[in-house]
Amino acid sequence: KAKLELLGIKVTIEEKEVEDSSSYTNKKQLVIDQSVKQGEKLSKGEKIVLYIPKILSTYPDMVTDSWTLDRATEFCEKYGLTIKVTYKESDGEENIILAQSPKAGEEVFDGETFKVVVSKKPEVTTTTTTKAVTDGEE
């Protein structure tokens, strides 16, 4: 891009969908295509579009990695998701993701609803017994 701009070419970079985005994980800035055919000459002031791979985001495994509700909420904010939380009593640590939908590895879509089941401490139920006293008894 810098070399083209030094020659007076106007460069735009756009993302282009690829078949398997996971193969480009460490190559996010790799030019995979261009708007001008190879060998075609450009003059100063002309434009070219360079295409880099569109890296699709996927859901992490929040259950195996013991994500907290706060961390899952931050993830949802980052990707424009709506989070729907259901609580389930658990003897383990509180506010840990126990289940998720969509599942780990599925593609993230903007505006999607992400459902999680989160641990909470069991509610303590206390039972009080009273002794009935009848006339003449103490």
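The values are calculated or read from the model by the stated rules, or taken from the named source; none is laboratory data. This is a predicted model, so every value here is computed, not measured. Glycine also receives a Cβ, built like all others from the backbone with ideal geometry; neighbour counts cover every protein chain displayed. Ligands, DNA and RNA are excluded from the accessible area calculation, which covers all protein heavy atoms including side chains. Shrake-Rupley method; radii C 1.70, N 1.55, O 1.52, S 1.80 Å.
Observations on the structure shown:
- Residue check, residue 52 part of a strand (DSSP E or B), open to solvent by 40 Å² or more (accessible area, probe 1.4 Å) and either out of contact with any Gly (no Cβ under 9 Å at 6 or more places or on another chain) or over 24 Å from residue 121 (Cα atoms) (or both): no
- Candidates 89, 112, 93: the one that is touching a Pro at 6+ places or on another chain (Cβ under 9 Å), more than 30 Å from residue 30 (Cβ to Cβ) and open to solvent by 40 Å² or more (accessible area, probe 1.4 Å) is 89.
- When 99, 104 are screened for being touching a Ser or Thr at 6+ places or on another chain (Cβ under 8 Å) and small (Gly, Ala, Ser), only 104 passes.
- Those residues of segment 64-95 which are in a strand (DSSP E or B) and out of contact with any helix residue (DSSP H, G or I) (no Cβ under 6 Å at 6 or more places or on another chain), in sequence order: 68, 82, 84, 85, 86, 87, 88, 89
- Pick from segment 2-20, criterion surrounded by 11 or more Cβ atoms within 10 Å (Cβ to Cβ) and farther than 12 Å from residue 43 by Cα, ranking: modelled with the lowest pLDDT: 18
- Single unsatisfied condition, residue 100 versus (1) of a type in the set (S, T, N, Q); (2) assigned to a loop (DSSP other than H, G, I, E, B); (3) surrounded by 10 or more Cβ atoms within 10 Å (Cβ to Cβ): (2)
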